[in-house]
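Enquirer: Questions regarding the structure given below will be posed in turn.
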Amino acid sequence: MITKEAVLDALSNVQEPDLGKDLVTLNMVSNIQIDGKKVSFTVMLTTPACPLKDMIRNACVNAIHHLVDKEAVVNVHLDAKVNSNRKDNKAVLPNVKNIIIVASGKGGVGKSTVAVNLALGLSQEGASVGLLDADIYGPSIPIMLGLRDERPQMIDIDGKGMIVPMERFGIKAMSIGLLIDEKQAVIWRGPMASSALRQFITEVYWQDLDYLVIDMPPGTGDVHLTIVQTVPVTGAVIVSTPQAVASADARKAIMMLKQPQINVPILGVVENMAYFTPAELPQNKYYIFGKGGAKTMAEQFELPFLGEIPIVQSIREGGDTGLPAVLGDEPISRKAFIDLAKRVAQNIAIRNADLEPTKVVQMVE
């Protein structure tokens, strides 16, 4: 006779690889159903983008076969609920579970390309995702998402006018580029840019989101301080290219976030434009900008290395035509960004389990 107690005892031997505890202790097992030799149950993952879901499923099946009944027919249903570690008063973005900033110390490293494809990769894996373009002076999200010449609508929420973010490819997006003419330059001093950014955060009707990805401008200036002082940032993804000059600037972004008064967790470093792979030779890698600069930097700071994004023509074309690479048919670039999304989701789950709650940075001016 197979019992629920026996099933739970067996599953208490299955570790969640990232969190370091067993599934039963973590309350991840529910809805156990037994019909003779048939056993089914649900395992609630910490994110739909979990890269270890197959490993967890196989470990559960093996545990039942080895510790309960080797002839059992086991059906493991994997569900997901994105976790959060927000303990702030949630006055800002109350329904957003995790806020990810994508930053670099230098322009031109493909940060916006990474941000767009990361957001879409998380969405492709089943999460609800928003994308905020915080690059006030050089917004590129409308072009990359194919939203040129489109304008967001307004909605009344409890007597207050709110901007409804644009929806594209299953994600919500907002950018100053959706409010001004594409050919118009934004000529604002720092305080004006910071004020506009606060409006995008507080006056946009984002609704429920598992992840809000914020595409930061280059550098370490006003906008960066405004973000960390306005919203509780779950963690940062640092983008660099292999060259020494790009890595040197990315180090500055890392050092800024590691300042004791800021102390934003860094989810990892991604190396963009890591190598060139021609379409006719998909197995070849040409490291035309050098090799491993971002990975070496990640190791020096003891940060996770999130992977390499290749130079593939389809990535550039996708950004220009409004069909991002993660949604395209080219397998190399698509896989690179899906893998990146899974690693970021994985590291957020670890961060939320192991580190102190996310909070808004309080700085003395």
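The values are calculated or read from the model by the stated rules, or taken from the named source; none is laboratory data. Values in this document were obtained by computation on a predicted structure and should not be read as measured data. Counting neighbours? That spans all protein chains shown, and the Cβs are built from the backbone with ideal geometry, glycine included. Protein only, heavy atoms only, side chains kept; ligands, DNA and RNA dropped before computing areas. Shrake-Rupley method; radii C 1.70, N 1.55, O 1.52, S 1.80 Å.
Enquirer: Quick one: count up the residues across segment 22-66 that are in contact (Cβ under 8 Å) with a residue 60 or more places away in the chain and buried (at least 16 other Cβ atoms within 10 Å of the Cβ).
Expert: 6
Enquirer: Can you name every residue in segment 242-265 that is in a loop (DSSP other than H, G, I, E, B) and either charged (D, E, K, R) or touching a helix residue (DSSP H, G or I) at 6+ places or on another chain (Cβ under 7 Å) (or both)?
Expert: Matches in segment 242-265: P242, Q243, I262, V264, P265.
Enquirer: Going through N31, N13, N58 one at a time, which residue ends up being farther than 27 Å from G235 by Cβ, part of a helix (DSSP H, G or I), over 22 Å from the mean Cα position of the chain (by Cα) and not aliphatic (A, V, I, L, M)? Lay out the reasoning, then the answer.
Expert: On the way: N31 fails: part of a helix (DSSP H, G or I); N13 fails: part of a helix (DSSP H, G or I).
Answer to the selection: N58.
Enquirer: Further, regarding this structure: Considering only residues of segment 63-88 that are within 16 Å of L23 (Cβ to Cβ) and of a type in the set (G, A, S), which is farthest from the chain's Cα centre (by Cα)?
Expert: Step by step, filter segment 63-88, then rank; the result is A63.
Enquirer: Considering only residues that are under 14 Å from V204 (Cβ atoms) and open to solvent by less than 30 Å² (accessible area, probe 1.4 Å), look in segment 136-157 and name the one that is farthest from the chain's Cα centre (by Cα).
Expert: Checking each candidate, the answer is P152.
Enquirer: Just the residues that are open to solvent by less than 10 Å² (accessible area, probe 1.4 Å) and among the charged types (D, E, K, R), please, taken from segment 228-273.
Expert: Across segment 228-273, the qualifying residue is only E271.
Enquirer: Return the total of residues in segment 345-362 being touching a helix residue (DSSP H, G or I) at 6+ places or on another chain (Cβ under 8 Å) and under 13 Å from V82 (Cβ atoms).
Expert: Result for segment 345-362: 1.
Enquirer: Now for a different question. Which ranges mark the strands (runs of 3 or more DSSP E) fully within segment 158-227 that have 2 or more residues being of a type in the set (D, E) and open to solvent by 10 Å² or more (accessible area, probe 1.4 Å)?
Expert: Details: elements: 160-164, 166-168, 171-175, 209-215.
Correct list: empty, since no element meets the threshold.
Enquirer: Checking the structure you have, find out if any residue of segment 266-273 is of a type in the set (D, E), in a strand (DSSP E or B) and in contact (Cβ under 8 Å) with a residue 12 or more places away in the chain. Break it down stepwise before answering.
Expert: Looking only at segment 266-273, we keep the residues that are of a type in the set (D, E), and these are 271.
With in a strand (DSSP E or B) added as a condition, the list becomes 271.
After this cut, where a residue has to be in contact (Cβ under 8 Å) with a residue 12 or more places away in the chain as well, the list is 271.
Yes: segment 266-273 contains one or more residues that are of a type in the set (D, E), in a strand (DSSP E or B) and in contact (Cβ under 8 Å) with a residue 12 or more places away in the chain.
Enquirer: Identify all residues within segment 118-135 that are part of a helix (DSSP H, G or I) and surrounded by fewer than 24 Cβ atoms within 10 Å (Cβ to Cβ); write none if there are none. Outline the logic, then answer.
Expert: At the first step, the residues of segment 118-135 found to be part of a helix (DSSP H, G or I) are 118-124.
Within segment 118-135, just Q124 meets the criteria.
Enquirer: Do we have any residue at all in segment 50-59 that's under 28 Å from K359 (Cα atoms) and either of a type in the set (A, V, I, L, M) or in contact with a Lys or Arg (Cβ under 9 Å, 6 or more places away or on another chain) (or both)?
Expert: Taking segment 50-59 and keeping what is under 28 Å from K359 (Cα atoms), we get 50-51.
Restricting the remaining residues to those that are either of a type in the set (A, V, I, L, M) or in contact with a Lys or Arg (Cβ under 9 Å, 6 or more places away or on another chain) (or both) gives 50-51.
Scanning segment 50-59 turns up at least one residue that is under 28 Å from K359 (Cα atoms) and either of a type in the set (A, V, I, L, M) or in contact with a Lys or Arg (Cβ under 9 Å, 6 or more places away or on another chain) (or both).
Enquirer: Out of segment 319-337, which residues are in contact (Cβ under 8 Å) with a residue 60 or more places away in the chain, outside any helix (DSSP H, G or I) and open to solvent by 10 Å² or more (accessible area, probe 1.4 Å)?
Expert: Selection gives L323 alone.
Enquirer: Do we find that I315 is in a helix (DSSP H, G or I), modelled with pLDDT of 90 or more and open to solvent by less than 50 Å² (accessible area, probe 1.4 Å) in this structure?
Expert: Working: in a helix (DSSP H, G or I): yes; modelled with pLDDT of 90 or more: no; open to solvent by less than 50 Å² (accessible area, probe 1.4 Å): yes.
Spelling it out, it is not the case that I315 is in a helix (DSSP H, G or I), modelled with pLDDT of 90 or more and open to solvent by less than 50 Å² (accessible area, probe 1.4 Å).
Enquirer: Do we find that V92 is over 22 Å from N347 (Cα atoms), open to solvent by less than 50 Å² (accessible area, probe 1.4 Å) and assigned to a loop (DSSP other than H, G, I, E, B) in this structure? First the steps, then the outcome.
Expert: Numbers: over 22 Å from N347 (Cα atoms): yes; open to solvent by less than 50 Å² (accessible area, probe 1.4 Å): yes; assigned to a loop (DSSP other than H, G, I, E, B): yes.
When the stated conditions are applied, V92 passes them.
Enquirer: Right, here's the next one. Condition first: in contact (Cβ under 8 Å) with a residue 24 or more places away in the chain and more than 22 Å from K342 (Cβ to Cβ). Now tell me which residues in segment 274-285 satisfy that.
Expert: Of all residues in segment 274-285, those in contact (Cβ under 8 Å) with a residue 24 or more places away in the chain come to 274-277, 279, 282, 285.
Result: F276, A279.
Enquirer: Need pairs with beta-carbon distance below 6 Å; first residue of a type in the set (D, E, K, R) and within segment 188-217, second assigned to a helix (DSSP H, G or I); sequence gap 6+ or separate chains.
Expert: Qualifying pairs under 6 Å: R198/T230; D215/S112; D215/A115.
Enquirer: Of all residues being over 25 Å from the mean Cα position of the chain (by Cα) and outside any loop (DSSP other than H, G, I, E, B) in segment 274-295, which is nearest to S104 (Cα to Cα)? Just the residue, please.
Expert: It comes out as G290.
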